[in-house]
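Trainee: Just passing along the structure, written as structure tokens.
The values are calculated or read from the model by the stated rules, or taken from the named source; none is laboratory data. Everything numeric here is computed off the predicted structure, so don't read it as measured data. Cβ sites come from the backbone with ideal geometry, for glycine too, and all protein chains shown count toward neighbours. Just the protein is used for accessible areas: all its heavy atoms, side chains included, with ligands, DNA and RNA removed. Shrake-Rupley method; radii C 1.70, N 1.55, O 1.52, S 1.80 Å.
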6 protein chains.
Amino acid sequence: MKPTPNSPDLAPLLVFGAHPDDIEFACGAVIAKETRLGRAVHFVICSRGEAGSHGTPDQRVAEASKAATLLGATIEFIDLDGDAHLEIRAAHAIKLAAIVRRVKPGLLLAPSLVPNQHPDHWRLGQLVRDAARLARYGGVQELRNMASHTVAHLLFYAVTPEAEPRDITPILIDVSAPEVIAAWTAAMEAHTSQTSARNYIELQITRVRVNGLRAGVGHAIALFPNDALVLDSLAPLSRGARRF
Amino acid sequence: MKPTPNSPDLAPLLVFGAHPDDIEFACGAVIAKETRLGRAVHFVICSRGEAGSHGTPDQRVAEASKAATLLGATIEFIDLDGDAHLEIRAAHAIKLAAIVRRVKPGLLLAPSLVPNQHPDHWRLGQLVRDAARLARYGGVQELRNMASHTVAHLLFYAVTPEAEPRDITPILIDVSAPEVIAAWTAAMEAHTSQTSARNYIELQITRVRVNGLRAGVGHAIALFPNDALVLDSLAPLSRGARRF
Amino acid sequence: MKPTPNSPDLAPLLVFGAHPDDIEFACGAVIAKETRLGRAVHFVICSRGEAGSHGTPDQRVAEASKAATLLGATIEFIDLDGDAHLEIRAAHAIKLAAIVRRVKPGLLLAPSLVPNQHPDHWRLGQLVRDAARLARYGGVQELRNMASHTVAHLLFYAVTPEAEPRDITPILIDVSAPEVIAAWTAAMEAHTSQTSARNYIELQITRVRVNGLRAGVGHAIALFPNDALVLDSLAPLSRGARRF
Amino acid sequence: MKPTPNSPDLAPLLVFGAHPDDIEFACGAVIAKETRLGRAVHFVICSRGEAGSHGTPDQRVAEASKAATLLGATIEFIDLDGDAHLEIRAAHAIKLAAIVRRVKPGLLLAPSLVPNQHPDHWRLGQLVRDAARLARYGGVQELRNMASHTVAHLLFYAVTPEAEPRDITPILIDVSAPEVIAAWTAAMEAHTSQTSARNYIELQITRVRVNGLRAGVGHAIALFPNDALVLDSLAPLSRGARRF
Amino acid sequence: MKPTPNSPDLAPLLVFGAHPDDIEFACGAVIAKETRLGRAVHFVICSRGEAGSHGTPDQRVAEASKAATLLGATIEFIDLDGDAHLEIRAAHAIKLAAIVRRVKPGLLLAPSLVPNQHPDHWRLGQLVRDAARLARYGGVQELRNMASHTVAHLLFYAVTPEAEPRDITPILIDVSAPEVIAAWTAAMEAHTSQTSARNYIELQITRVRVNGLRAGVGHAIALFPNDALVLDSLAPLSRGARRF
Amino acid sequence: MKPTPNSPDLAPLLVFGAHPDDIEFACGAVIAKETRLGRAVHFVICSRGEAGSHGTPDQRVAEASKAATLLGATIEFIDLDGDAHLEIRAAHAIKLAAIVRRVKPGLLLAPSLVPNQHPDHWRLGQLVRDAARLARYGGVQELRNMASHTVAHLLFYAVTPEAEPRDITPILIDVSAPEVIAAWTAAMEAHTSQTSARNYIELQITRVRVNGLRAGVGHAIALFPNDALVLDSLAPLSRGARRF
């Protein structure tokens, strides 16, 4: 049941991050796995991390670019309101919707909507959710020169344990393959300005190990779907997280 | 990406029902689809419907047997406490666990745990959830002569709208194929003692049409997983319920 | 127990919609029923639907005006930020509060606050909730030339199944009378620019039929109160949704 | 809009209590109000309070009988498993269903299902919910000599603040009339064996005053409906709890 | 186990209020108790109450200043968008974060995030939550001249019963000491422009009495922590709210 | 602020476990910390683990006794219905209540009530919650020869991640001290029959490390209080889980 190239199962994956390291820390192993399976992945980073305690904007852009390469993804940086200054604005959602129309992804990944985390995270998640809808509507003035686009799913990632939604049934993606873990670890380590100060890498590896133990595999990353899943049959449900 | 015969994706499906018509009304179309895909499906009915307002136990057993045949499933009847008398007893869970060990299913289907419905429904759902665990434990005295068995997933069905869990993200199974809907309708109509009095068939077809409209297909049945999903990659997520 | 004209039970109903067809599709049958009972109903539409995939703003204003007439309601259009551009601004809430003070309604209807729907819907719902409070406060500078007004209830409607709040006990309004269904259907069909593309009318009729089956009537529309109900006695509770 | 005698709005009210004083303390003022409006009210008390810290069973039966008279209700005592010994048994639900069929009430009142309270309270609430369904089913062997009966609503009361459900929108019943408060207070004081030790009466009066302040009246008691309300129109919604 | 002066247990308490009387009415008794124990408390009031139905801005500033003095707290007034006009802006969160860095509190108090209350309340709560995070981040341009600061806890207060979060386990602070209740009552009465019109003082005293009865003390105020508590041992858990 | 011996802060801790290793795996480090602080801790184990896949009852009793000694706790074994056979019975709750009256603990620890875990776990949690109430009631026949006893708190532990309640704010107990971790690890390793088959020890250490990272300490165990906390002041809130 491996997806074949050019199948709808390999439509591009578009991933939004509020800061240069959020995607890698939260779900870098999923990216590494998907690119190895042949899926195109594109990162859109909505600040240069200029409000962080460590690292200059230039350093952080360089680190994120290196990490994306290690994961097999392309990357671009856009300006919204700046790090630690993000606001919910219709203009932002429309800007993100234009990127959706340009990239034509099958799937979107964005930070979760749990509000008790970095204020930029949940705001970006909400903007992406709105953008996924606006990308479908034909009459939005600013988007009229691009064809409407409907994504199959918007999935949320959680940068920290507190950011995991409590009201969505998680989907655990098995990322146990050693080369996937290795690529992920390398991508996290590429953020040298961030990893000196706190145990970010350990936190993530540990969280993902707990999920792996739950799923009976080595490591697994939890993603949280915005909408009900639609399946042709029960066939994809041949594995569940019932080990303990 | 069709599952191949003998693949783990086609491990048997074991479905528990509290009364002779519950499975058919709640999710008969899913059964019809799975058996057409080559999956073995077995029904275990835990009463003869003897407390219902219409139909004798013999009639109801005959109706359920005919309906199972129409859906391509095998069927057996077991005695717990009797219709409208079901209680949560360890002995019941162990009895159901023995059936799990005998049938060795990949997936279980059972009524949802929402307590504001027929008292037998949620109690049976809870007994099945307990049974799925007991089937794994090696030392249960009454089960020692049968090999332990672990299912991949326990999925819940909802006989009525009120029985749909509000805290689980649903999985919508596309059952739009005309032959699937036809087999399902025939199976519901096989319960002639039940369908004269109320609009049960219309209720189910209408609910499933609303789900189909949400999913952008003809008809879809919502199932509710007990545990987190485990996937190898994002490939199965190529469709979502985002039409409205 | 029919309400008598001029009783507080017939105080005007003020209904807010984000787009020209939202009110009709979500709860047009409730409007038809209330106007037939003698209640004055006024619609405030907060965009001209200019971002939709179909129909020009002029067409859509004409369609909404026709639909309002068919339902027996008056209608006005106001400008906030425009279709698909609505933001949460204090100035908007104050503008809506001024309308509340002018119309002096007993009841408000607004789109639900569930955030996983069209971004304009839940934002308008939140603005209306804030407006209902601001209409009461005596010192708001922009409102000082109008008398304070307190509404009895704010009720939410859900344009789609996903927009139904899961944490509010619904109130089902019986709209089974054939003339009510006929007026509602005509009002939905008046939106000719919208109904060609998708099964919007079927979606709504089907949803409302499921609710009717739950309530043991032909058709029923679910509304969701923002606040606890206050009753003089248990007398209004003579019917419940317990049919299945 | 006063209900007229013999109208469905005045169908009997059947109230279940786990112990001799639960009904009076939790919602005695609602009883006093309903009997004054002409509704027949019947209490079924499922123990004699023999596990309480104060009062003999005989005393407590006498106190409850006096309190019921003060509130205008009739009363009977039944045996289930005894005070502090109640279990969820099908036979109990069937016994309660037989009482429902005998009394033919329009409305049921029972303790809430919140499990963090006296163990008998939520178990009785669950038994009553099951009984309300069993009373409808035609084929239950033990009930065949009595006609099926369907109640309009099951409403829950909360004996303590902790027992108030957090996921049901409350209905506040205005009990401000001085004669209603007086009858209620007298009924609580009739339980002389209980009121010496703790501030039960003050607790209840204070809770009900907070609800009254919320509703903009003197005193109000919160009840919690098991099911969606069904209304003919918006007319009964002329008052809401929006004072603060 | 009394905290000793200069211990981390007596780090300053910083309390934010949207209007001149919110802090006093919601949790004035907690303030009175803390200042009596030797903790420094500072109030930041984010409007002058100019949209209220009663009192001029000058009156209200004078009343709040008097109340703060009665409670032993210092007070300052800041301008955000004005009473009834508050919006969620990054600039506001940064402004509040600057105050956090200046005052260096151990604990923050802010209005709860429940959105069905005065629109300024929950917006201020959200701004304070964001501010607590921004105060920690080293690179925020506007804050670079002040040292980063991390608070131990952010606790929410509820001005009205409706504002109490339903998904956070409350912490009840025992405020039964007569001198604490007296200081609190005096502080509420200092808001003479507000207390003539409604039963605000009675509402608060009554709410706090219900909590006291739950906790087995005279009076108790419920606060709601934003984050998990961290304790060195189980020793602080020697009292619980289990009286009824 | 160390608690002094004989203070109410050091009242005995009574811990219930469904199987011989549950307490150690779920919260052994908390036990090790409390006994080091001078608190008496007593374990009551409600089966001999006879349904587990590994180990004989005699082995498991010996392992648990050794583990308790390593943690500084006393231990006793009682018979309810046997491993994997536990049912909710009033007689069980009364039996546990008698132990509460005999031990006179300040605090109770029991498995959480989340029903999607080993069926014995949540049932025992519910029985303990009921027992904590029954221990207070003076008139329970079977308990009349023992003085009533009221505990300060009932806290829940979670044997697995799935068993963590999602609707209770956790309390994280700092267990970072090396000697505490060492004692805990030794106690887990004492269950030699269990630790060969699965990664139970790694699962627990990893979970507790994630909590430690959240709390900014080495390791922390999450407990979940059944009731609101009651505090004399804000002093115990000098640490919070706000590190990420």
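Trainee: Can you give the FRET efficiency to the nearest 0.05 for residue A:102 and residue E:78, using r as the Cβ-Cβ distance and R₀ = 41 Å? Could the numbers behind the result be given before it?
Mentor: Working: r = 43 Å, r/R0 = 1.05.
FRET efficiency, residue A:102 to residue E:78: 0.45.
Trainee: Which residue is it, in chain D, whose C-beta lies closest to the D-to-A rotation axis, and what is that distance in whole Å?
Mentor: Whole-Å result, nearest residue of chain D to the axis: D:167, 6.
Trainee: Put the label 7 Å from Cα along Cα→Cβ for residue E:138; what are its distances to the other copies, in nanometres, shortest first?
Mentor: 5.2, 5.4, 5.4, 6.4, 7.8
Trainee: Copy-to-copy spacing for residue F:182, label 7 Å out on the Cα-to-C-beta vector, in nm, shortest first?
Mentor: The projected label point of residue F:182 is separated from its counterparts by 3.7, 5.6, 7.6, 7.6, 8.8 nm.
Trainee: Within region B:128-157, whose backbone N sits under 19 Å from a point 7 Å along Cα→Cβ of residue F:196?
Mentor: In region B:128-157, the label zone of residue F:196 (backbone N under 19 Å from the point 7 Å along Cα→Cβ) covers B:137-140, B:148.
Trainee: Can you list the residues of region B:36-54 with backbone N under 18 Å from a point 7 Å past the Cα of residue D:91, pointing along Cα to Cβ?
Mentor: Answer for this model: none.
Trainee: Please check: in the Gaussian network model of chain D (C-alpha springs, under 10 Å), which one of D:80, D:70, D:231 has the largest mean-square fluctuation.
Mentor: D:231
Trainee: A further question follows. Please list the three semi-axes, largest first and in whole Å, of the ellipsoid equivalent to region E:159-238, using sqrt of 5 times the eigenvalues of its alpha carbon gyration tensor.
Mentor: Numbers: eigenvalues 143, 49, 25 Å².
Working from the Cα gyration tensor, I get semi-axes of 27, 16, 11 Å.
Trainee: Given region B:13-225, what whole percent of its Cα pairs are spread farther than 29 Å?
Mentor: Details: 4358 of 22578 pairs.
Above the 29 Å cut-off, region B:13-225 has 19 percent of its Cα pairs.
Trainee: Next question, about the same structure. Run the label-point distances for residue D:69 please: 7 Å along Cα to Cβ, every other copy, nanometres, shortest first.
Mentor: 6.2, 6.7, 6.7, 6.9, 9.4
Trainee: Between residue E:58 and residue E:176, what FRET efficiency follows from the Cβ-Cβ distance if R0 is 30 Å, with the result rounded to 0.05? Mind dumping the intermediate values first?
Mentor: Numbers: r = 36 Å, r/R0 = 1.19.
For residue E:58 and residue E:176, the calculated efficiency is 0.25.
Trainee: Oh, and also: For chain A, what relative contact order do you get, as a whole percent, if you take Cα pairs closer than 8 Å and at least 6 residues apart? Numbers along the way, then the final one.
Mentor: Working: 458 pairs, mean separation 53.7, N = 244.
Dividing the mean separation by the residue count of chain A yields 22 percent.
Trainee: Just to be sure I understand: of the beta bridges DSSP finds with both ends in chain E, what percent are antiparallel, rounded to 5?
Mentor: Numbers: 6 of 23 bridges.
The antiparallel fraction comes to roughly 25 percent.
Trainee: Per the helix-only calculation at 222 nm, which mean residue ellipticity applies to the protein assembly as shown, given -39500 (n - 2.57) for every DSSP H run of n ≥ 4 and division by its residues, nearest 500 deg cm²/dmol?
Mentor: Details: 42 runs with 552 residues, N = 1464.
The helix-only estimate for the protein assembly as shown comes to -12000 deg cm²/dmol at 222 nm.
Trainee: Of the DSSP beta bridges with both residues in the protein assembly as shown, give the percent that are antiparallel, rounding to the nearest 5. Could you put the intermediate results ahead of the total?
Mentor: Details: 42 of 162 bridges.
Counting only bridges with both partners in the protein assembly as shown, antiparallel ones make up about 25 percent.
Trainee: Any idea of the total accessible area buried by the C-D contact, 1.4 Å probe, rounded to 100 Å²?
Mentor: Values: alone 12190 and 12180 Å², together 19720 Å².
Chain pair C/D: roughly 4600 Å² of buried accessible area.
Trainee: Under a 10 Å cutoff between Cα atoms, tell me which one of F:91, F:26, F:68 has the largest fluctuation in the Gaussian network model of chain F.
Mentor: Evaluated over chain F, the most mobile residue of the options is F:91.
Trainee: Give me the 1.4 Å probe accessible area per residue for chain E, excluding ligands and nucleic acids, in Å². Spell out each step's value before the answer.
Mentor: Working: 7510 Å² over 244 residues.
Heavy-atom SASA per residue in chain E reads 31 Å².
Trainee: Pick out which of F:167, F:22, F:81 has the largest mean-square fluctuation in a Gaussian network model of chain F, springs linking Cα atoms closer than 10 Å.
Mentor: Taking springs between Cα atoms under 10 Å, the residue moving most is F:167.
Trainee: Still on this structure, please answer the following. With all pairs of different alpha carbon atoms counted, what Kirkwood hydrodynamic radius in Å does the protein assembly as shown show? Let's see the in-between values first.
Mentor: Values: mean 1/r = 0.0300 Å⁻¹.
Value: 33.3 Å, from the Cα pair sum.
Trainee: Please compute the contact order of region C:125-202 in relative form: average sequence separation of alpha-carbon pairs under 8 Å and at least six residues apart, divided by the residue count, as a percent. Kindly include the intermediate steps, with their values, before the conclusion.
Mentor: Details: 27 pairs, mean separation 12.7, N = 78.
In percent, rounded to a whole number, it is 16.
Trainee: Taking the Cα centroid of region C:188-244 and of region B:26-49, what is the distance between the two, rounded to the nearest whole Å?
Mentor: 32
Trainee: Hey, another quick one. Report the label-to-label distance for residue A:37 and residue D:37 in nanometres (one decimal), using points 7 Å from each Cα along the Cα→Cβ vector.
Mentor: Taking the two extended label points, one gets 6.0 nm.
Trainee: If r is the Cβ-Cβ distance from residue B:189 to residue B:146 and R0 is 25 Å, what FRET efficiency results, to the nearest 0.05?
Mentor: Values: r = 37 Å, r/R0 = 1.50.
Efficiency, from the Cβ-Cβ distance: 0.10.
Trainee: Same structure, new question: Quick check on my link table: of F:33/F:104; E:33/F:104; C:95/E:95; A:33/B:33, which ones sit more than 22 Å apart, alpha carbon to alpha carbon?
Mentor: On the way: F:33/F:104 20 Å; E:33/F:104 32 Å; C:95/E:95 28 Å; A:33/B:33 31 Å.
Those over the limit are E:33/F:104; C:95/E:95; A:33/B:33.
Trainee: Using a 1.4 angstrom probe on the protein heavy atoms only, could you order A:146, B:188 from most to least accessible area?
Mentor: On the way: A:146 55, B:188 0 Å².
Order by accessible area, largest first: A:146, B:188.
Trainee: Take the alpha carbon atoms of region B:9-67, find their radius of gyration, then divide it by 2.2 N^0.38 Å using N residues; give the quotient.
Mentor: Relative to the rule-of-thumb radius for its length, region B:9-67 sits at 1.19.
Trainee: Could you give the distance between the Cα centres of region B:106-175 and region E:73-117, to the whole Å?
Mentor: Centre-to-centre distance over Cα atoms comes out at 48 Å.
Trainee: How high is the relative contact order of region D:1-103, given as a whole-number percent (alpha carbon pairs under 8 Å, six or more residues apart)?
Mentor: 28
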